[in-house]
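So the structure is just underneath, and the comments pick up after that.
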Amino acid sequence: MKLLNKWFPTVGQIPFDPAAKKGSLVFRHFNPKKVVFGTGKTLAELCPFAGVAWHGIRGDGKDPFSGTGTRSTPWEKGGDAITIGKQRCDALFEMLQKLGIGHYSWHNYDLAPEGATLEESHINLDIISDHLAELQEATGIGLAWGTCDHFSHPRYRLGVATGVSPEVYAYGLAEVYKMLEITKKLKGRNFVAWGGREGLRQIMSILMRMKFVLERYGQFGRSVCDYADSIGFEGNIMFEPKKREPMKVQYQSDVQTTLWLLSQAGLLGRKNVKLNLEENHAGLAGLDFAFEVMMAIAAGKLGSLDANEGDKLIGWDVDEGSHTVIRLVPVMLLLLEYGFDGNLVFDMKLRRESTDEKDPFWLHVTAMDTWAIATKVAAQIRNDRILDRITEGTLYAGWNTDFGKQVANGINSDDIINAAHKYGPTIQLPSGCEECINGLVNEYLHPAN
Ligand code: XUL
Ligand code: CO
C-alpha cells in the first residue's frame, strides 16, 4: 500500500495508544481491530467511517459571517485547475490514510473544477475520477457516496427540481446523471440527493404553484432512480432530510416528511430508495438524531448517516465534529439492534478559530473516539438487555397478559367496549422509569471504581 505524505508533513499515521500522555494526538478508544463485546464484530466494522472532500479538504474556515477563510489549504495553489483538483484528491486521501479512515464522499465540484460548459465539466470529472480511481487502488480507500452540488452556483439560487426554470431543471438532472456514472465507475456504495435549495422561499411566490412544484420534486427523483437503474448502479439512492438552511423550510424537512414526499412520488416502494440522515439536520428540525434514525429504521429506509453535531446555542448548521458521547449511545443501540449497512460520514468542519495543520486530525480523532466510546457503551447496555428488562419486563408488561395479546392481535369493538367496562377508569400503571433510565445510562458511561 502506498503511503502518502506531502500535504500534512507535520502529522504521521495516528496510532492507537491509550497510554500516551494526556493531550497527545492518538486514538484512545478507536482500536479498529477490537472485537466489541457481545457483537462478534470489530470497531472498524461497527463504525464504517468516511471522510468528506467538501469540509475536510475544501473547508477553509469560512462561516456565515466571513468572506475569507482562516485555514491554510496549500493544495489550492501551484498549477492549473486540473492540477489543483488532483492535489485536492491527494490531500484528502493522505488525511484519510493517516487517520485510518476507509471511505470518502464528495460532490462533483468539490474535487473536479467546474468547466465553462457542461461538456468541459464532464471532461474534468472524467480526469479527476481517473485520478481518484488510482488513489483508491493505491490506498484501498473506497467511495461511500457521490452527490451533486446543487446549492453553490448562482443558477441554483431558485432551486433545481422544484425551481422556476425547466432549463435549470435539465442542467441539474444532467449533472446528476453524470455523477451517477462517475459514482458507478468508482464503485461507490451509494448516491446522495440532499437537494440544496429545494424549499420554501417567499411564500407568496410559491403558494399558487405548490402542487406543480411537488410534482416536479417527484418527477426529478424518479428520473434519478430510473437513470441509476438504466446504467446498472446498484447502490442506494439516498434522500437527505434537513428542515431549514439554506431555505426557510426545505421540502425534505425530516424523516417523516421525506417519507411522505417519496410516497407521493411513487418512490417509497423502491428497494434502493433510502434516507441519509445527519445529526445536525435532526437538531435543526427540533428532533433527536436517535428519533430520526428510529423512524427511518421503522420504515425500512435507513441508508447511511452523516456524523457531526449541532449546537443549540447557534442557530445555523454548524457541522461540528461529533464529541458528545451521550447523543450517540441511543443511535448506536439502534444500529447494533437492527443492523447498519451505510457509512458514518464525517460531514463536519473545523471551527473558524482552528488554524493549525493538526486541527483537522484532532477533529477526526475526537469524532472517531466519540463514536467508538458510544459503540462500546451501547454494546454493553444491549448485551446486559437492561433496557429490555425495563421496557419489556416492567413498562410494557401489560401487553404480555392474555388480554394484552388479545388486543394486539386485533379485537372487535364489542370486546373492547366490554373490556373498558370491566377494567373501569382507574387503571394501575407502572412507573415510566425516566429518572431511573437516566441514572442507568450514567452507570454505563461512568462505571463506579
Ligand atoms: C448539507 C449537507 C450536505 C449533504 C450532501 O447540509 O449535509 O453536505 O450531506 O450534499
Ligand atoms: Co450531510
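Bear in mind that the values in this text are calculations on the coordinates, not laboratory data. Just so it is clear, the structure is predicted and the values come from calculations on it, not from any experiment. Here Cβ is always computed from backbone atoms with ideal geometry, including for glycine, and neighbour counts include all displayed protein chains.
Rounded to the nearest 10 degrees, the angle from helix 434-445 to the longest Cα principal axis of the chain is 50 degrees. Segment Glu353..Lys312, full-extension length gain: 12.9 nm, with 0.36 nm per residue of separation and the alpha-carbon distance subtracted. Potential lengthening of the chain between Ser72 and Trp362 amounts to 102.8 nm, from the contour at 0.36 nm per residue minus the alpha-carbon distance. Average projection, convex hull of the Cα set of the stretch 387-445: 5.0 square nanometres.
Straight Cα distances below 20 angstrom link Lys422 to the lysines Lys405, with same-chain residues fewer than 8 positions distant left out.
Loop exposure criterion: GluC sites (Glu not before Pro), DSSP state outside H, G, I, E and B, at most 13 other Cβ atoms within 10 Å. Applied to the chain, the longest stretch between such sites is 1-233.
Can you pull out the trypsin sites (Lys or Arg not before Pro) in the stretch 291-357 that DSSP calls coil and that have at most 10 other Cβ atoms within 10 Å?
Lys312
Among the trypsin sites (Lys or Arg not before Pro) within the stretch 34-127, those in coil by DSSP and having at most 10 neighbouring Cβ atoms inside 10 Å are Lys77. FRET efficiency for the Tyr171 to Leu440 pair, using the beta carbon distance and R₀ = 56 Å, is estimated at 0.55. Identify the trypsin sites (Lys or Arg not before Pro) of the stretch 178-233 meeting these criteria: DSSP loop state and at most 15 other C-beta atoms within 10 Å of the C-beta. Loop-located and lightly packed - Lys187. Pairs over the 27 Å Cα-Cα cut-off, from the set Lys34/Lys86; Lys33/Lys77; Lys98/Lys185; Lys178/Lys242; Lys312/Lys349; Lys178/Lys301: Lys34/Lys86; Lys33/Lys77. Going from the fewest other Cβ atoms within 10 Å to the most, the residues His323, His421 appear in the order His421, His323. With neighbour counts taken as other beta-carbon atoms within 10 Å, the residues Thr355, Thr183, Thr401, Thr426 rank, fewest first, as Thr426, Thr401, Thr355, Thr183. Computed with the Debye formula from one identical point scatterer per Cα of the stretch 35-383, without solvent, the log10 of I(q)/I(0) at q = 0.07 Å⁻¹ comes to -0.27.
Given an 8 Å cut-off on Cα distances and at least 6 residues of separation, report the relative contact order of the stretch 35-383 as a percent.
19
Only helices enter the 222 nm calculation for the chain: every DSSP H run of n ≥ 4 contributes -39,500 (n - 2.57), and dividing by all residues gives -13500 deg cm²/dmol, rounded to 500. Applying 1/(1 + (r/R0)^6) with R0 = 30 Å to the Cβ-Cβ distance of Gln428 and Arg385 gives a FRET efficiency near 0.75.
Between Ala116 and His421, the contour length at 0.36 nm per residue exceeds the alpha carbon distance by 102.2 nm. The angle between the Cα long axis of helix 166-185 and the longest principal axis of the Cα atoms of the chain comes to about 90 degrees, rounded to the nearest 10. Okay, which of the stretch 89-108 sit inside 19 Å, backbone N to the point 7 Å along the Cα-Cβ direction of Glu134? Counting only backbone N, you get 89-97. Within the straight-line cut-off of under 18 Å between alpha carbons, the aspartates and glutamates reachable from Lys2 are Asp90, Glu94, Asp130, Glu134, Glu137, sequence neighbours fewer than 8 places apart in one chain being disregarded.
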